[in-house]
1. Considering every residue within region 39-58, establish whether at least one is more than 17 Å from the chain's Cα centre (by Cα) and at pLDDT 95 or above.
2. Closer than 18 Å to residue 59 by Cα, loosely packed, with under 14 Cβ neighbours inside 10 Å and either in contact (Cβ under 8 Å) with a residue 24 or more places away in the chain or in contact with a strand residue (DSSP E or B) (Cβ under 7 Å, 6 or more places away or on another chain) (or both) - does that describe any residue in region 143-163?
3. So residue 63 fits all but one of (1) touching a residue at least 40 places away in the same chain (Cβ under 8 Å); (2) away from the ligand (no atom under 11 Å from the Cβ); (3) within 24 Å of residue 38 (Cβ to Cβ); what number is the exception?
4. Can you name the residue in region 96-108 that is outside any helix (DSSP H, G or I) and within 9 Å of the ligand (Cβ to nearest atom) and is also surrounded by the fewest Cβ atoms within 10 Å (Cβ to Cβ) among such residues?
5. If you go through region 81-92, how many residues are more than 7 Å from the ligand (Cβ to nearest atom) and under 20 Å from residue 153 (Cα atoms)?
6. Going through region 36-69 one residue at a time, which ones are surrounded by fewer than 21 Cβ atoms within 10 Å (Cβ to Cβ) and in a loop (DSSP other than H, G, I, E, B)?
7. Specify which of the listed residues (137, 113) is touching a helix residue (DSSP H, G or I) at 6+ places or on another chain (Cβ under 8 Å), more than 23 Å from residue 24 (Cβ to Cβ), touching a residue at least 40 places away in the same chain (Cβ under 8 Å) and part of a loop (DSSP other than H, G, I, E, B).
8. Of the residues 121, 44, 58, 128, which is in contact (Cβ under 8 Å) with a residue 60 or more places away in the chain and under 23 Å from residue 7 (Cβ atoms)?
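The values are calculated or read from the model by the stated rules, or taken from the named source; none is laboratory data. Here the structure is a predicted model, which is why all the values come from computation and not from measurement. For neighbour counting, all protein chains shown are included, and Cβ atoms are generated from backbone atoms with ideal geometry for every residue, glycine included.
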Ligand code: SME
């Protein structure tokens, strides 16, 4: 099995570079979307500091359904347009929420979550799901996290068959 580090250390830039490198190793020779998403959620959850949840919601019909994740059990179905995940999926844009209590319609899955980053997963212009990261700290995510996670999501789409 690939030797992946647990909690990564260094600057934010260095941590994301290392995550991208390790993801490349995990995806090598494997195109199954569920397997790749499961490893990606575990890698991010264990590697990025200050997270309490990291995972996927997958488009099924007109709703998002819980996919592979790291963290506590979470709500299973999210309607398009609802919560941070459903909003990011509709607008096809990443959303950073610095304080989840201030986001109208935020869906509470883990009461520990204070801030959140959701990145839509887009294949050929179509949203096929979202990557959702939650933190127990306020304002955990910034533009660098957003850009870096969008890059990780692009690696995932390129490496995987459709769900
Ligand atoms: N908070 C999300 C729901 C998913 S959980 O955070 C894992 C939302 O508002 O869409």
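1. no
2. Within region 143-163, one or more residues are closer than 18 Å to residue 59 by Cα, loosely packed, with under 14 Cβ neighbours inside 10 Å and either in contact (Cβ under 8 Å) with a residue 24 or more places away in the chain or in contact with a strand residue (DSSP E or B) (Cβ under 7 Å, 6 or more places away or on another chain) (or both).
3. (1)
4. Only one residue fits best here, namely 105.
5. 6
6. Result: 49, 50, 52, 61, 62.
7. Numbers: 137 fails: touching a helix residue (DSSP H, G or I) at 6+ places or on another chain (Cβ under 8 Å).
Exactly one of 137, 113 is touching a helix residue (DSSP H, G or I) at 6+ places or on another chain (Cβ under 8 Å), more than 23 Å from residue 24 (Cβ to Cβ), touching a residue at least 40 places away in the same chain (Cβ under 8 Å) and part of a loop (DSSP other than H, G, I, E, B), namely 113.
8. Details: 121 fails: under 23 Å from residue 7 (Cβ atoms); 58 fails: under 23 Å from residue 7 (Cβ atoms); 128 fails: under 23 Å from residue 7 (Cβ atoms).
Of 121, 44, 58, 128, the one residue that is in contact (Cβ under 8 Å) with a residue 60 or more places away in the chain and under 23 Å from residue 7 (Cβ atoms) is 44.
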